[in-house]
Amino acid sequence: MFGFKKKGGQDILNPLNINSNSMVEFKLKELEEQGFFTFGKIIHMGMGQRPFTRYLVYSRAEETEYIFEVYKGEEEGQLETYLYFLDDTVPFSEEFLEVVGQRCITTPDGTEYERCTMPQHDYRIDGVQGSIKVYDLNSEKVEYESEIEVWDYQRDAEGITEYLNIEMLKTNGMFRVFIGQRLEGSLYKVYQGLDEK
C-alpha cells in the first residue's frame, strides 16, 4: 500500500499513492487561492530508522514549488505531514558549515530558531546522515541519488511551531534551507487522479 514500484525494480516510498495525474489542495489561508497543486517528483529520504517521503508540488497559479513531507505514522493508515518552501540555497562553504549545527541559528531577517536535536547542548552537532533518491513522475525514472546531511530547527511563531530544515547534498555540497510547518489532515486533500497504466 505504501510502495511505488518504478520501472527497473527499485522501490520508491509513496505513502500518498499518487501518480503523475494526482493533485493536492491546501486549506491554509496563504495557499487557498492558489488552487490545486500538481505532483512533480517523489523524493525518497532514507534517514536513520524512519524513512520518509518528500513530494515536490507545484502551483500553476503562482508558479511556485513547495515540499510536502509525509511520514508513515505509528498507527496503520496514519500519516504525519509537513509543508515547506525553499527559503534559500547556499553553495558549500566551511563558514556556513560552522553555522549549521549550533544550538541556535538566526536567519538573515533576524528570526531565531533552536535546534530540535539535543537543544540543551551549545556545541556544534553534526547533522543526521542519510540518502535521497529523486524520482520524476513524468519520466518515470530516478533522476539522481545522493548522500545527504540534515539539520532541524524550530521556533514558536504565535502558537504555531515553525520548522527550519537545512540539508546538504554530499554530491555538490549545496545547502538548501526550507521553512515550514506541520499540517493536520484537515488542512489538505489529495486527489489521486487516473492511473495511466
| query | Taking R0 as 30 Å, what's the FRET efficiency between Ala157 and Gln120 from their Cβ-Cβ distance, rounded to 0.05? | reply | 0.90
| task | Heavy atoms only, probe 1.4 Å: what % of the accessible area of region 64-175 goes to carbon and sulfur, would you let me know? | result | 46 percent
| note | Taking 0.36 nm per residue of separation between Glu30 and Ser146 and subtracting their Cα-Cα distance, the length gained on full extension comes to 38.5 nm
| Which ³J(HN,Hα) values in Hz, rounded to whole numbers, follow from the phi angles of region 12-29 under the Karplus curve 6.51 cos²θ - 1.76 cosθ + 1.60, where θ = phi - 60° and Gly and Pro get x? | 10, 5, 9, x, 8, 6, 8, 9, 5, 9, 6, 9, 9, 10, 9, 9, 8, 3
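From the helices alone, meaning DSSP H stretches of at least four residues, give me the mean residue ellipticity at 222 nm for the chain, per-run term -39500 (n - 2.57), in deg cm²/dmol to the nearest 500. Intermediate values should be presented prior to the final figure.
Values: 1 runs with 6 residues, N = 197.
Estimated from H runs of four or more residues: -500 deg cm²/dmol.
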| query | Ordered by residue, what ³J(HN,Hα) values in Hz, to whole numbers, does region 76-93 give under the Karplus form 6.51 cos²θ - 1.76 cosθ + 1.60, where θ = phi - 60° and Gly and Pro are x? | reply | 4, x, 7, 10, 10, 10, 9, 10, 10, 10, 6, 8, 6, 10, 9, x, 4, 8
| message | Number of Lys pairs in the chain with C-alpha atoms less than 15 angstrom apart, excluding same-chain neighbours closer than eight positions? | response | 17
| message | Solvent-accessible area of Asp156, probe 1.4 Å, all protein chains present, reported in Å² to the nearest ten, please. | response | 110 Å²
| said: Once you place label points 7 Å from the Cα toward the Cβ at Thr89 and Arg50, how far apart are they in nm? | reply: 2.9 nm
| request: With a cut-off of at most 12 other beta carbons within 10 Å, and DSSP calling the residue loop, which GluC sites (Glu not before Pro) in region 71-169 qualify? Please list them. | output: Glu74, Glu75, Glu76, Glu158
| request: Could you rank the peptides 16-25, 180-189 by their average count of other C-beta atoms within 10 Å per residue, with the highest value first? | output: 16-25, 180-189
| request: For region 87-164, build the charge dipole from Cβ charges (+1 Lys, Arg; -1 Asp, Glu) around the Cα centre, then report which of Gly101, Val90, Gln129 sits farthest towards its positive end. | output: Gln129
| query | Using modelled backbone amide H atoms (1.01 Å from N, in-plane), which distant-in-sequence or interchain residues come within less than 5 Å of Lys141's amide H? | reply | Asp136
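Averaged per residue, what accessible area in Å² does the chain show with a 1.4 Å probe, protein chains only?
56 Å²
Give me the dipole magnitude in Debye, nearest 20, for region 22-148 about the Cα centre, with unit charges on the beta carbon: positive for Lys and Arg, negative for Asp and Glu.
About 360 debye.
Please arrange Thr171, Thr111 by accessible surface area, largest first, computed with a 1.4 Å probe and ligands excluded.
Numbers: Thr171 95, Thr111 30 Å².
Ranked from most to least accessible, the order is Thr171, Thr111.
The values are calculated or read from the model by the stated rules, or taken from the named source; none is laboratory data. These numbers come from a predicted model, not from an experiment. We place every Cβ from the backbone using ideal geometry, glycine too, and count neighbours over all the protein chains shown. We work out accessible area using only protein heavy atoms, side chains counted, and drop any ligands, DNA or RNA first. Shrake-Rupley method; radii C 1.70, N 1.55, O 1.52, S 1.80 Å.
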